[in-house]
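Engineer: After the structure tokens below, expect a handful of questions from me.
Just so you know, all these numbers are worked out from the coordinates, no wet-lab data involved. The model shown is predicted, which means the values in this text are computed figures rather than measured ones. No Cβ is skipped: glycine too gets one built from the backbone with ideal geometry, and neighbour counts run over all protein chains shown.
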Protein chains: 2
Amino acid sequence: MWTMSTPRTAARKTRGTYHHGHLRQALVDEAVRTIGRSGVDALTLRGVGAALGVSRTALYRHFADKDALLAVVAREGFVALKATLDAARTRCADLDGQLTDMGTAYVRFALDNQAHYLVMFGSFLERCQDAPELMADATAAFQALVAMIVDLQQAGRVRADDPLLLSRFVWASVHGIALLAINGQLGPDRSAGVALYAACAPRIRAALE
Amino acid sequence: MWTMSTPRTAARKTRGTYHHGHLRQALVDEAVRTIGRSGVDALTLRGVGAALGVSRTALYRHFADKDALLAVVAREGFVALKATLDAARTRCADLDGQLTDMGTAYVRFALDNQAHYLVMFGSFLERCQDAPELMADATAAFQALVAMIVDLQQAGRVRADDPLLLSRFVWASVHGIALLAINGQLGPDRSAGVALYAACAPRIRAALE
DNA sequence: ACCTGAACACCGTTCAAGT
DNA sequence: ACCTGAACACCGTTCAAGT
């Protein structure tokens, strides 16, 4: 499956050159790499700068502050999540298969992109409750699920309850599974989340009938 | 319902006295109060000390470091959560009613004790993956749910799947609902989580049949 | 035992100055 | 435009010293 980790080569500045060239994206990528390796709390702007061979204040040419950098990471995550969920619908002609694939894709995305996922739903949210673009990206990703539920309802395969409600139920379930897996509450094995979702998918399906 | 916020009066040291008296618990309570007001990232040991009229290093007589203080907050949370879940089973004679009450109690606990809940399941976990007492308390709370599912199975009211699996499914659902509510993803209203659970309870129940 | 103040090695952020 | 170094107001943590 598609992940965002493809271009994650260290984009260090070549010594002696004045301009970095692609500093903005390099800062975001390095932040994601640090968070993925050591957690959100281990992220320091000075460390990011040092890893890229750049002054600790160079970052402020591209981001207002640390939260602005994290907000970009979160937005990048929501955009990629939406793309992942939409792509999951193209593999299977059967609507029921699409729902299961979408759930699998969601949990896999969370595990393959833990750094993004932790920023998207982590403590950083407390400080930026009113960031309209961020909320818009998050909503857009969620709408991929709502559309799936609506299609299933129109095909008569899901009960005629409020689609927003049913979507939130499914979202809460896969979100909970993803977080329990990331936090190690399902055991040390990385793939425990995918396995748990596979076992839960028929239960979720039954709940929607 | 029972919450932990009952004795949350400011336990400031009376000026001039040398010993605080109950400094350890006062430190924990002040940490919880700060987190509840401003988020986990806003917690500083110096701030906690200042709020209690105590030196910034007094804390180290009771806790090895900041993570040790957070671990106590998390353990306190898991113990209280277990008590809340167990208590939810005493109000209703009907097993199905008990399951629904337990789910309601879980979501309500998370919303009424956001500070504890965020520490119990937040980014702090990344740094203390192997804290055996903490894991034991967390497991004990989870076992209250497993016992509920087993009782329902023995009464023939829940399908005969692996009870651990079914318990994790229910846990993931209520955990997801609680976190979405706390993070404001269900709207600004505080009680949105409780309302969403109330609507989801029949869906969860149907999934277990 | 419990508390204190000074000290150390870190942070995020600002700002005048360089190219 | 983009980058730098010094500076400021913070952190967590340690430690010798006080009661």
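Engineer: If you go through the stretch A:112-129 one residue at a time, do you hit one that is without any contact (Cβ under 8 Å) to a residue 60 or more places away in the chain, more than 15 Å from DNA strand C (Cβ to nearest atom), within 14 Å of another protein chain (Cβ to nearest Cβ) and part of a loop (DSSP other than H, G, I, E, B)?
Structural biologist: Checked the stretch A:112-129: at least one residue is without any contact (Cβ under 8 Å) to a residue 60 or more places away in the chain, more than 15 Å from DNA strand C (Cβ to nearest atom), within 14 Å of another protein chain (Cβ to nearest Cβ) and part of a loop (DSSP other than H, G, I, E, B).
Engineer: Another question about this same structure. Which members of the stretch A:47-71 meet the condition of being away from chain B (no Cβ under 13 Å), assigned to a helix (DSSP H, G or I) and more than 9 Å from DNA strand D (Cβ to nearest atom)? Before you say what the answer is, go through the steps one by one.
Structural biologist: Taking the stretch A:47-71 and keeping what is away from chain B (no Cβ under 13 Å), we get A:47-65, A:68-69, A:71.
Pick out the ones that are also assigned to a helix (DSSP H, G or I) and you get A:47-51, A:58-61, A:68-69, A:71.
If the condition is that a residue be away from chain B (no Cβ under 13 Å), assigned to a helix (DSSP H, G or I) and more than 9 Å from DNA strand D (Cβ to nearest atom), then A:Gly47, A:Val48, A:Ala50, A:Ala51, A:Ala68, A:Leu69, A:Ala71 are the ones that fit.
Engineer: Condition check: more than 22 Å from B:Asn183 (Cα to Cα), of a type outside the set (Phe, Trp, Tyr) and more than 10 Å from chain B (Cβ to nearest Cβ). Does A:Leu186 satisfy that?
Structural biologist: Here the answer is no, as A:Leu186 does not meet what is asked.
Engineer: Is it the case that A:Ala178 is part of a helix (DSSP H, G or I) and at the interface with another protein chain (Cβ under 8 Å from one of its Cβ atoms)?
Structural biologist: no
Engineer: Polar (S, T, N, Q) and closer than 20 Å to A:Ile182 by Cβ - does that describe any residue in the stretch A:49-62?
Structural biologist: The answer is no, given that none of the residues of the stretch A:49-62 is polar (S, T, N, Q) and closer than 20 Å to A:Ile182 by Cβ.
Engineer: Under the condition of being facing another protein chain (nearest Cβ under 10 Å) and either small (Gly, Ala, Ser) or more than 15 Å from the chain's Cα centre (by Cα) (or both), which residue from the stretch A:141-163 is surrounded by the fewest Cβ atoms within 10 Å (Cβ to Cβ)?
Structural biologist: Among those that are facing another protein chain (nearest Cβ under 10 Å) and either small (Gly, Ala, Ser) or more than 15 Å from the chain's Cα centre (by Cα) (or both), it is A:Asp162.
Engineer: Pull up the stretch B:130-140, narrow it to residues that are farther than 18 Å from B:His175 by Cβ and assigned to a helix (DSSP H, G or I), then point me to the one that is farthest from the other protein chains (Cβ to nearest Cβ).
Structural biologist: B:Glu133
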